[in-house]
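Single-structure report; data block below.
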Amino acid sequence: MAKTIAPGTPRLPWSTRLDKFQRRYAPYIFISPFFLLFAVFGLFPIVFSLYLSLQAWNPVQGLGTMRYIGLENYVWLMDDPWFWRSITNTLWIAIASGVPQHVLAIPLAFALSRGIRRFRHPLTAAYFLPYITSAVAVSLVFLTIFGTQFGILNQTLQYLATAPWSAWLFGGLADALPINWLGRAPNIKPAISILVVWQYFGFNVVLYAAGLATIPKDYYEAAEIDGANGRQAFFNITLPLLRPMIFFAVSLTIIGNLQLFDQPFILTDGTGGSSQAGMTVVMYLYRTGFNWLEMGTAAAIAWLLVLLIGVLTMIHFRFFGRSGLETRD
Amino acid sequence: MRASAKNDARVVAEHGLGARIGRALVYLLLVALALLTLFPFYWMFVLATHLQTDIFSAPPPMWFGEALQRNYDALLARLPFLRNIWNSFYIAGLATAFTMFFASLAGFAFAMYQFRFKNVLFGTVVASLMVPPVLGIIPYYLIIQWLGWIDTPRAIWFPAMASAFGIFLMRQYIASSMPRDLMDAGRIDGASEFRIYWSIALPIVRPGLATLGLVTFIGQWNNFLVPLVVLSSRENFTVPVALRTMQGLIQTDWGAVLIGTSLAVLPLLIIFMLASRQVIEGLVAGSVKG
Amino acid sequence: MKKLLALALASLLTASVALAQTTLTVGLFEPLNEHLDRVMDLFIAEHPGVTLDVRTLGYADHHDALVTYLATGSGAPDVVAIEIGYIARFVAEGGLRDLSSEPFSADQYEDLFVQYAWAQGRTADGRQIALPTDIGPGVMYYRRDHLETTGWTIEDVVSSIDNYIQYGRDLKAIDVYLVASAASVADALIRSDVPAGSGIYFDADGRPLLNSERFLDAARVAKTIRDEGLDAEIGSWSNEWYEAFRTGTTATELSGAWLGGHLQTWMAPETAGLWGASVIPDERLLSWGGSFYGIPNQTPAEKLDLAWELVKFLTIRPDIQLQAFKSINAFPALPSTYDDPMFDEPLEFLANQPARQLFANVAENIPGVLTFPGDMVAQEIWNSALTEVLNEGRDIQEALDEAQSLVERRVRR
């Protein structure tokens, strides 16, 4: 800074210089903790795995045994049927479990904030509970829920399909019951998606609830005075003003759902299930690296996945980023 | 005159039969959904009071059993469980406190300032979320080992302070809730940039901050992969690693595991109650006028 | 006499290893840790100045963490347990010390062990990487009541695969399933009758065998069982599986000998006296489970002697093996233990059948097969092809041809 001050110019008092400095560099200082930590703990793993994706490496032999093979891992993956199956599985589950989360969470958050007056706390807590519950408990409980003979899900469907009051709606299911949720290929992805929606929609409800808190209350009062009903308030006030939060939550779902691991791993006992119908990309990458000890190939899978996530996130940013990233003025 | 007539009409509508039924329907739906999410949770507690043999009976038990004490004893016989809970609490607590501070600070910068390389830097933050963590475990272990942090809590909470998720969340939240005029008003009053963040921005974004704290705490509490490899002695284990040591080759004492998961979820419930008050009350109060 | 020998041996070992205060870390998983907890004091008494730091992790976690430690060259325990499902990759691909070499010279102990288990811990070029600590001789558990109802004898049922399936048809008439999953029958068939000098999935030259007659035949048998509705289509370790054992809706189960202990203690304790054990149909000989101990390359030189002492303590000592058999139902890998009176005891759960003699007999006769680096992925590909055949109705030849090419792709690299 001192350089820019020509000789002879009266030096500014300390306090003014400090003030200028902090105003000018404040944003850089504010973001520096993240980037310092990232440089130490985040960057090396990324560079390492990029390097690794160009190597053939069996990890149990130690770091010294990597062998450079160029793009061979990527080329190999391009016609690896299991890799492509894992990509389609992941996209299928990401959509089937991603869309309902938001379709459910946004109106729920709205109903919690504007539709009801009592029990907001306990209801929000109830929706959020699945997100808190540890994977160990979830695995045991859901393996039992999805059981073919005695599983609660099938028992419920059985009841709904035969009870007089619900048979008109669920009767069509009667022939298909009991459904072998985890044993047959066509049922595995729906089962995983059900678990994912169950576990994460409450998380989104809380995100949206926090987002709704930013909407000034008098907007709604003004709308009411103008005679708007609840539905109109939802579409004309809530949705537009919630856009930054929706943008954020959807970004997270895209990034998170494409990295699904725990739920499919639990429900298929790590195998991916019949015909690998539940094998997601991250599962495939884990098994390739840690079980089959082809770490270089695993790294290449990781980078192809990053590429996929990056492209989809970019599309999302391109189409919705203008409104999703806008700031209030 | 016309406005008041309209108001009267609205009052009538709100208390009319249609609105009542509508509200009852909303409640019915909300409660039905809550039952769906509560059930597995309830069941976890139920199964925690049963012996392994009963847990695996078919149909499985739906009501509380009598093995609570036995399962609890089995858990404590196998693990220094209270110690494990403390470890998790310590790690998650520190990580959460620092994350809330650093993420809101960075989120504030990305939301309220224009500066060079802003888009590139923000893009880096978002992009860092895209790399699946499974593979990073080997290089990560090398760093921790190089630092001499193996088998210490800071190997987990220190790196966790860099939360890309937190920055993204706080950026979005601050951008949508903090009017820009407040920045200028603060500057005219002579406040430093940090002061503006601390005294003006932070109070406005409390619901968002509470959400971030909540999610960070839960994430760290349930974090598994990193603690598994960087912690080695059972006295230093966090809850998820400790509980998984009971998952044997053939047999797992599920009763003891489930009493462990049930106990481990209680601190999270308390944290949730604290945080959700902020979120929900923010909801009810509405926010600063734009 | 044997005990005396063991004692003499033990004191000899103690004398040869004079050590100051040393801590030895051991990495293992449930239930091996329970056994070590019980015998730890004895080891310490025999090796004064030693402390054991036992690091127990979840069964799968233990092996994942081990991969990380071996990859980074640090952090691994001084002695590690390895389960059969993972042994091939450590044996064939490195990371663990060659115990055949000095100073271990493990080959001198070869004759102490059942032959096939020794082979599982050995590379194709003859280096011993890990020593077996317990084994799982493959057997069939069956319900005696259904046998009686249908008028079969167990000898007839197991005399051939065709008889076994015929038994299933008779069971179907009384609404009982032959077996929980047809896949387990196929698994038994591919893992037995392996030609000498070959692996299960690869021949001596490392060429995959997934569309060979052994695999095609196994898939055909399983498909017959499935198509005729003779199996219950139940996966292992599910509530349905346990319930089937309790209520007797399945009549047989192919498994390791260890299953009996679990049936008795927690899976189906109320069915005591209803069960029997026999050889696998067609008198096939194969192994189903087992664990090993090895020493990572990174274990420091000054601890090697002691680490080796511990490995030997847990593997070649008949007294310690018998103790493990008693406490955690780990079937000993040492034939010398089979003379123990324990093996003649009638087992109440199996209607007083002295079944341990049968298990021992099976164990001693299972032929050794070669271990290959690709075994784990080949097994996964086989499982996948089999489920496609059984669950999704895919053509056998087509599914196995594809499996063959998938394995070829992987090992050609």
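The values are calculated or read from the model by the stated rules, or taken from the named source; none is laboratory data. Because the structure is a prediction, the values reported are computed rather than measured. As a convention, Cβ positions derive from the backbone with ideal geometry for all residues, glycine included, and neighbour counts pool all protein chains shown.
Couple of notes before you dig in:
Residues are listed down the side, and each one gets a yes or a no for (1) free of Cβ contacts under 8 Å to residues at least 12 places away in the same chain; (2) more than 30 Å from residue A:51 (Cβ to Cβ); (3) of a type in the set (Lys, Arg):
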{"position": "A:218", "(1), (2), (3)": "yes, yes, no"}
{"position": "A:235", "(1), (2), (3)": "yes, yes, no"}
{"position": "A:244", "(1), (2), (3)": "no, yes, no"}
{"position": "A:280", "(1), (2), (3)": "no, no, no"}
{"position": "A:288", "(1), (2), (3)": "no, no, no"}
{"position": "A:291", "(1), (2), (3)": "yes, no, no"}
{"position": "A:296", "(1), (2), (3)": "no, no, no"}
{"position": "A:318", "(1), (2), (3)": "yes, yes, yes"}
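- Scanning the range C:254-294 for residues that are within 14 Å of another protein chain (Cβ to nearest Cβ) and part of a strand (DSSP E or B) gives C:255, C:256, C:288, C:289, C:290, C:291, C:292, C:294.
- Among residues of the range B:135-168, those that are within 8 Å of another protein chain (Cβ to nearest Cβ), surrounded by 21 or more Cβ atoms within 10 Å (Cβ to Cβ), in contact (Cβ under 8 Å) with a residue 24 or more places away in the chain and more than 26 Å from residue B:104 (Cα to Cα), counted: 2
- Selected residue (criterion: surrounded by the most Cβ atoms within 10 Å (Cβ to Cβ)) from residues of the range C:31-47 that are out of contact with any Ser or Thr (no Cβ under 8 Å at 6 or more places or on another chain) and more than 8 Å from chain B (Cβ to nearest Cβ): C:36
- Of the numbered criteria (1) surrounded by 18 or more Cβ atoms within 10 Å (Cβ to Cβ); (2) out of contact with any strand residue (DSSP E or B) (no Cβ under 8 Å at 6 or more places or on another chain), the one residue C:251 fails is (2).
- Enumeration of residues in the range A:100-122 that are under 26 Å from residue B:220 (Cβ atoms) and either free of Cβ contacts under 8 Å to residues at least 60 places away in the same chain or of a type in the set (A, V, I, L, M) (or both): A:105, A:109, A:121, A:122
- Just one of (1) free of Cβ contacts under 8 Å to residues at least 24 places away in the same chain; (2) over 27 Å from the mean Cα position of the chain (by Cα) fails for residue A:69. It is (1).
- Checking every residue in the range A:107-127 against the condition of being under 24 Å from residue A:179 (Cα atoms), surrounded by fewer than 20 Cβ atoms within 10 Å (Cβ to Cβ) and within 11 Å of another protein chain (Cβ to nearest Cβ) gives zero matches.
- Per-region count, the range A:247-278, residues free of Cβ contacts under 8 Å to residues at least 60 places away in the same chain and more than 24 Å from residue C:181 (Cβ to Cβ): 5
- Only residues that are more than 21 Å from residue C:401 (Cα to Cα) and modelled with pLDDT of 95 or more were counted in the range C:185-225, giving 1.
- Filtered by the rule that a residue be in contact (Cβ under 8 Å) with a residue 12 or more places away in the chain, more than 34 Å from the chain's Cα centre (by Cα) and not in a helix (DSSP H, G or I), the range A:147-176 gives a lone residue, A:174.
- Qualifying residue in the range A:60-78 (condition: crowded, with 20+ Cβ neighbours inside 10 Å, touching a Gly at 6+ places or on another chain (Cβ under 9 Å) and facing another protein chain (nearest Cβ under 8 Å)): yes
- Test for residue C:126: is it surrounded by fewer than 24 Cβ atoms within 10 Å (Cβ to Cβ) and either within 14 Å of another protein chain (Cβ to nearest Cβ) or part of a helix (DSSP H, G or I) (or both): no
- Among the residues of the range C:87-95, some residue qualifies, meaning at least one is in contact with a helix residue (DSSP H, G or I) (Cβ under 6 Å, 6 or more places away or on another chain), among the acidic types (Asp, Glu) and at pLDDT below 90.
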